[in-house]
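The values are calculated or read from the model by the stated rules, or taken from the named source; none is laboratory data. Remember, predicted model here, so these are calculated numbers, not experimental data. When we count neighbours, we look across all protein chains shown, and the Cβ atoms used for this are built from the backbone with ideal geometry, even at glycine.
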Amino acid sequence: MFTKQILRQLFRQAAGVPFSVTYWDGASEKYGDGESKFTLIINDNKILDTFDDDFEVAFGEAYMAGRLDVVGDLADVVSAAAEVRRANLSGASNSLAVRAAASLKARTKRQQKQDVQHHYDLGNDFFKLWLDASMCYSCAYFKTPTDSLEDAQITKIDHSLNKLRLKAGESLLDIGCGWGALVMRAAQMHHARVTGITLSEQQFYHDCRSIESLSLGGLANVRVIDYEGLAREGRTFDKIVSIGMIEHVGKAHLDDFSKAVSTMLRPGGLALLHFITSPQPGVFNPWIQKYIFPGAYVPTVAEMIDRISSYDMRIIDVENLRPHYQMTLDHWSATFEQNVSKVREMLGEEFVRMWRLYLRGCSSSFRDGVLEIHQILVSNGKSDEVPLTRDDLYAV
């Protein structure tokens, strides 16, 4: 009875989203006005034994372990859970302070590589199950809501390269090149000389095979090296792009990253930085840090612009792609569920539940504006390479 009383207090704080609850004894209750968006099924009458001040971590672990289930969209559940967290922020201040201090602590280069490998070296076969054929694992760019994900990913790459005004023969560095879709397209379509860098061995092997199969060895190459290591080699590039990588840098290394970009970008050259942002300064979701992206940090736009500007890189253009990432995540979630039996066979039920929560939770965060994503175009000092208008970006 005591457990139910505590749970009811929590559920009342999330009543902005109408939902139902079914308890372990079969009893049901409803919260909020209107038709329930989801039903929370509490399977364990001792579920509160695992809850502490880190509500997000406790909720995520309870779902992963099957102590609670959901009928409906997990994205709606995450929205409701966020209401509970906000309502209890004052009571969790000590825990939040500890988490904030941890997020500021610099990760060593070895730790950063391990963090990347923890996520991206789950295996190319796993990512192929739910990414599209381009193997782009970042926000797509939809011209219309009916675009296929693969088309939207190619549009994102073209949109990014067009912003850089990439020309034949120019040198391009892709920091955090992933499975190489941008590297290949920049070499094939723009005839640029492209270098991609990654810390993932699995991505490196995939990219090397792609370069060989497309006969792009004269234009494209990929290396396993971090941005500071490459900067120390003294190489410079006409253009630099980084898509979906800055989130892994960590707060303590944002300045190091900005310095490396300014060091490797020729004077007057252009760089496009594409990264998840937070509207308010704070700590990245602790459950995601623990289980999905260890060492991750989501900066604000102002935070990143401050670092960039300190190295005389000039801000040329800023674009917010928030709705595009929700649509991307919804596509990924749908394909993940279509292949969930294969994922379960490969990695187990707890992993399935963990990644389902990750994908739907992120969709909820972009839908609700808790997270956003920006592209920032910068130049190294003054640049005269950008036209007077943006018309060239949309020319057919």
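Observations, loosely collected:
- Residue match in segment 358-365 (condition: over 24 Å from Met304 (Cβ atoms) and outside any strand (DSSP E or B)): yes
- Val224 being of a type in the set (A, V, I, L, M, F, W, C) and either crowded, with 23+ Cβ neighbours inside 10 Å or modelled with pLDDT under 95 (or both): no
- Segment 366-393, residues that are over 19 Å from the mean Cα position of the chain (by Cα), among the basic types (Lys, Arg) and part of a helix (DSSP H, G or I): none
- Asp368 of a type in the set (Asp, Glu) and touching a helix residue (DSSP H, G or I) at 6+ places or on another chain (Cβ under 6 Å): yes
- Residues satisfying the stated conditions in segment 214-244, i.e. under 19 Å from Ser379 (Cα atoms) and among the hydrophobic types (A, V, I, L, M, F, W, C): Ala231, Phe237, Ile240, Val241, Ile243
- Segment 189-220: number of residues that are in contact with a Leu (Cβ under 7 Å, 6 or more places away or on another chain) and either of a type in the set (S, T, N, Q) or at pLDDT below 95 (or both): 1
- In summary, helices (runs of 4 or more DSSP H) completely within segment 17-115 and bearing 3 or more residues that are surrounded by fewer than 19 Cβ atoms within 10 Å (Cβ to Cβ) and modelled with pLDDT under 80 occur at 74-87, 93-104.
- Residue satisfying all of: in segment 174-202; buried (at least 24 other Cβ atoms within 10 Å of the Cβ) and of a type outside the set (A, V, I, L, M, F, W, C); nearest to Ser160 (Cα to Cα) among these: Asp174
- Whichever residue in segment 146-166 is in a loop (DSSP other than H, G, I, E, B) and without any contact (Cβ under 8 Å) to a residue 60 or more places away in the chain and, among such residues, is surrounded by the fewest Cβ atoms within 10 Å (Cβ to Cβ): Thr146
- Of everything in segment 299-320 that is among the hydrophobic types (A, V, I, L, M, F, W, C) and out of contact with any helix residue (DSSP H, G or I) (no Cβ under 8 Å at 6 or more places or on another chain), the residue that is surrounded by the fewest Cβ atoms within 10 Å (Cβ to Cβ) is Ala302.
- Within segment 304-357, considering residues that are assigned to a helix (DSSP H, G or I) and either among the aromatic types (Phe, Trp, Tyr) or not assigned by TED's automatic domain parsing to the domain that holds Gly268 (or both), the one nearest to Leu388 (Cα to Cα): Tyr325
- Selected residue (criterion: nearest to Tyr325 (Cα to Cα)) from residues of segment 274-286 that are among the hydrophobic types (A, V, I, L, M, F, W, C) and crowded, with 23+ Cβ neighbours inside 10 Å: Ile276
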